[in-house]
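Notes for the one structure printed next.
The values are calculated or read from the model by the stated rules, or taken from the named source; none is laboratory data. On a predicted model such as this, the values are computed, not experimentally measured, just so you know. For neighbour counting, all protein chains shown are included, and Cβ atoms are generated from backbone atoms with ideal geometry for every residue, glycine included. Surface areas here come from the heavy atoms of the whole protein model, side chains and all, with no ligands, DNA or RNA. Shrake-Rupley method; radii C 1.70, N 1.55, O 1.52, S 1.80 Å.
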Amino acid sequence: MSTTNPYAAPAPAKANSKSRVIVASLIGTSIEFYDFYVYATAAVLVFPRLFFPNAEGATALLSSFAVFGVAFIARPLGSIIFGHFGDKVGRKGTLVASLLTMGIATFLIGCLPTAELDGWTFWAPALLVVMRFAQGLALGGEWSGAALLATENAPANKRAVWGTFPQLGAPIGFILANGLFLLLSMQLTDAQFMSWGWRVPFLASAVMVIIGLYVRLKLVETPAFQKVLDSGEVRKLPLGQAFRFSWRQMIAGTFIMLATYVLFYLMTTFTLSYGTAAKTEEAARAAAEKANKVFDPETFAAGLGYARNDFLVMLIIGVVFFGIFTMVSGPLAEKFGRRKTLLAVTAGIFVFGFTFAPLFDGGTAGVMTVLIIGFTLMGLTFGPMGAMLPELFPTNVRYTGSAIAYNFSSILGAAVAPFIAVALWQAADGSPWLVGVYLSSMAVLTLIALFVTKETRDVDYENNASDGVKVG
């Protein structure tokens, strides 16, 4: 008869391997950002014509961007919903749900009829809004879950490095999405691309979602949240707990992310619009006539006149620097601290805003300089956020708090940035100098938020659950 040794050490808890954490956090955000950027690219290249055919020039573009912004309105709601379950049930299940939501919505966009079809003038853009809203809900829960998956599994003094894993999903997703659009536009005629080619990137996302789900379903709960479960410190209402005890951190985190959001959506969405817009009114008129549309000179704003494929290649080159410097930012944030690193980078963003117009006027070399510098700054500012925002919050409200800060910042920054940029571009008669001033102004707000926030590098990341009423 076998006996049990009462003095035997308990079996070690299951843990996620480094490779599993890297793949699960990276592939999830890559898919999520791929889906998001597929829409962002289509919002410039395709949707103004297919879903807003009765609008003119910049008005159609603004209508497309308005739908683009719907997702950012949905993101705070997504952060509340997914944050609640992430802090109450766990990180793993919540991450699976967010990935499914994004994947299904993106796939269905690829199936939508367009407003050019009889009877779909209203319903096509309406359904596009619904799907875009679902994308926003999903991304509202994805980023924080992926950041917590990485940082709550990270070894000591490596949180900022591991926190860059999910951040790399942004440049990877961008390159995949735009690379596929570029390939399709090179292989297809304009008629084929506008007829069915634009749907392929949306439908193809289903394959990546299946892969992402396979990896995430193999995860175990993070050690930090497992401690919350074991100690009974799960809260009945994480949202209420976060607002009661961590409202200052949520406000600070919102403005710490502000310049990052504005910079990114200016560097991607606005630059694509500005770079591919007709350089002269005559060229814009000819393009409108070719598309059988009425040209409205009142809405015309001069751009750089690059061919769509040429500028996409330039953007992809710039995003490579985004990825490289995202990885560089992790060790810098570990060595110098998150706050000091971000203060220096945000000061660089402030200066960069004032170089916007002169560099854009410098021909192709100047445009590439804008893209390389802008995306380099983007990597350096986005990378440390994977550690800093979660470090602002206690473990048992960390998902909710960091998600709300991250996604409310998306409204103040990303949701309105393309719209404001187009309006400023028109107001300046085709010059981007006011857009640069806008970026510098947002950098000032982020600098103020960083100045009033303490360094988070040395916080106790596991044993810091906030006070409040426990579940059960």
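Worth pointing out:
- Cβ-Cβ under 6 Å pairs, at least 6 apart or on other chains, region 8-31 side at pLDDT 80 or above, far side aromatic (F, W, Y): I22/F165; S25/F165; L26/F165
- Taking region 252-284 as the range and being in a helix (DSSP H, G or I) and without any contact (Cβ under 8 Å) to a residue 60 or more places away in the chain as the test, the residues that pass are E281, E282, A283.
- The residues of region 162-197 that are in contact with a Gly (Cβ under 8 Å, 6 or more places away or on another chain) and buried (at least 23 other Cβ atoms within 10 Å of the Cβ), listed by number, are W162, G163, T164, F165, P166, Q167, L168, G169, P171.
- Screening region 383-392 for residues that are of a type outside the set (D, E) and assigned to a helix (DSSP H, G or I) and picking the one that is surrounded by the most Cβ atoms within 10 Å (Cβ to Cβ) gives G386.
- Of residues in region 132-155 being open to solvent by 10 Å² or more (accessible area, probe 1.4 Å) and in contact with a Phe, Trp or Tyr (Cβ under 9 Å, 6 or more places away or on another chain), the one nearest to A15 (Cα to Cα): N153
- Selection status of G136, at pLDDT 80 or above and among the small types (G, A, S): yes
- Of G401, G386, G430, all but one fail to be farther than 18 Å from N153 by Cβ and at pLDDT 90 or above; the exception is G401.
- Exactly one residue out of V416, V367, V397 is in contact with a Gly (Cβ under 9 Å, 6 or more places away or on another chain), over 25 Å from Y37 (Cα atoms), aliphatic (A, V, I, L, M) and touching a residue at least 40 places away in the same chain (Cβ under 8 Å), and it is V397.
- Residue match in region 67-76 (condition: within 30 Å of G240 (Cα to Cα), open to solvent by 30 Å² or more (accessible area, probe 1.4 Å), in a helix (DSSP H, G or I) and modelled with pLDDT of 65 or more): yes
- Against the test of being farther than 30 Å from L304 by Cβ, part of a helix (DSSP H, G or I) and not basic (K, R), the options L343, L380, L359, L371 yield a single qualifying residue, L343.
- Note on region 88-99: residues that are within 11 Å of G141 (Cβ to Cβ) and in contact (Cβ under 8 Å) with a residue 60 or more places away in the chain amount to 6.
- Of all residues making up region 41-51, the number that are at pLDDT 70 or above and open to solvent by 10 Å² or more (accessible area, probe 1.4 Å): 3
- Selected residue (criterion: farthest from V38 (Cα to Cα)) from residues of region 100-136 that are of a type in the set (V, I, T) and in contact (Cβ under 8 Å) with a residue 12 or more places away in the chain: T121
- Failed condition for V313, given (1) open to solvent by 10 Å² or more (accessible area, probe 1.4 Å); (2) over 15 Å from Y261 (Cα atoms); (3) at pLDDT 95 or above; (4) not aromatic (F, W, Y): (3)
- Among the residues of region 94-116, those identified as over 20 Å from the mean Cα position of the chain (by Cα) and surrounded by 18 or more Cβ atoms within 10 Å (Cβ to Cβ) are G110, L112, T114, A115.
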